[in-house]
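Notes to accompany the following structure.
The values are calculated or read from the model by the stated rules, or taken from the named source; none is laboratory data. These figures come from a predicted structure and were not determined experimentally. Backbone-built Cβ (ideal geometry, glycine too); neighbour counts: all protein chains shown.
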Amino acid sequence: MAPSGNEEAKIIKKFETAARKFWRGNYEEALAALEKILESSTDHIVLTDRINSYISACRQRLGEDDFKPRSADDHFLLGLVRVNNGKLKEGISSLNKALGKQKKNDAWLFSLACAYALNNQADEAANALEKAIALNSDNRIHACNCPEFRRLRGHEKIRRLVGPTFVRAR
C-alpha cells in the first residue's frame, strides 16, 4: 500500500535531513537515518534508489570496501566523494562513468568541469563547461562565481564561455 500524501511528505523530509547530514560529513548519522527510512518503508522506486545511492556513498566514506556503484547516481556520488577527498583522477573517472549513463545532465557536467579545473586540466574543464552551459545557460553564472575556475581565468575558451565579468571578478 502506497503511503498517503502526509506520510510521503514525512519520508521525503527524513530523506532531506539525512542527505544534509551526508553533505555535512556526518556519514555515520546519515547512514543510520537512511537505513531507518528503508526499514520503515518506502514504495517509491526512485526514492529507494536514491536512498541506496546515499547509503553506498556513506559506506564508502566510512571506509567500507564493499561499495560497488551500479547506477549513474552511484557513480556521480562516488565521484563527488572522491573529488572532495582529493582523489581527483578517481573522481573524474567516476563522474565520467555517471555521464556515460546519463549524458545530458548539466549539473553533472558542471561538476566534472570543476573536477577537471581542480586537477589543472584546463582544456577538459572548458569542454565539460561548454556542454554544461549548452544544456543550461545558468551554468555560465555558476562558473563565474565558482572558485574552482578562478585559476583558469587565463584560459581563452573558459574566458569566452564565461564572459568578461569573469575576468574582472576577484
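Taking (1) in a helix (DSSP H, G or I); (2) modelled with pLDDT of 85 or more in turn, Gly86 satisfies each apart from (1).
With respect to Arg50, is the statement that it is more than 27 Å from Gln121 (Cβ to Cβ) and modelled with pLDDT of 85 or more true? Spelling it out, it is not the case that Arg50 is more than 27 Å from Gln121 (Cβ to Cβ) and modelled with pLDDT of 85 or more. Taking the criterion of being surrounded by fewer than 23 Cβ atoms within 10 Å (Cβ to Cβ), of a type in the set (S, T, N, Q) and part of a helix (DSSP H, G or I), the residues of the range 89-110 that qualify are Ser93, Asn96. Against the list (1) closer than 23 Å to Ala117 by Cα; (2) surrounded by fewer than 14 Cβ atoms within 10 Å (Cβ to Cβ); (3) of a type in the set (Val, Ile, Thr), the condition Val81 fails is (2).
For the range 8-35, which positions are without any contact (Cβ under 8 Å) to a residue 12 or more places away in the chain and in a helix (DSSP H, G or I)? Of everything in the range 8-35, those that are without any contact (Cβ under 8 Å) to a residue 12 or more places away in the chain and in a helix (DSSP H, G or I) turn out to be Ala9, Lys10, Lys13, Glu16, Arg20, Trp23, Glu29, Ala32.
Determine whether the range 57-66 contains at least one residue that is surrounded by fewer than 15 Cβ atoms within 10 Å (Cβ to Cβ), in contact (Cβ under 8 Å) with a residue 24 or more places away in the chain and basic (Lys, Arg). Steps first, answer last, please.
Our first condition is that a residue be surrounded by fewer than 15 Cβ atoms within 10 Å (Cβ to Cβ); within the range 57-66, this holds for 62-66.
Okay, now just the ones that are also in contact (Cβ under 8 Å) with a residue 24 or more places away in the chain, so 62.
Remaining after also requiring basic (Lys, Arg): none.
No: zero hits.
For the range 115-133, enumerate the residues that are part of a helix (DSSP H, G or I) and more than 19 Å from the chain's Cα centre (by Cα).
So the first thing to find is which residues in the range 115-133 are part of a helix (DSSP H, G or I), and the list is 115-118, 122-133.
Those that are part of a helix (DSSP H, G or I) and more than 19 Å from the chain's Cα centre (by Cα): Ala122, Asp123.
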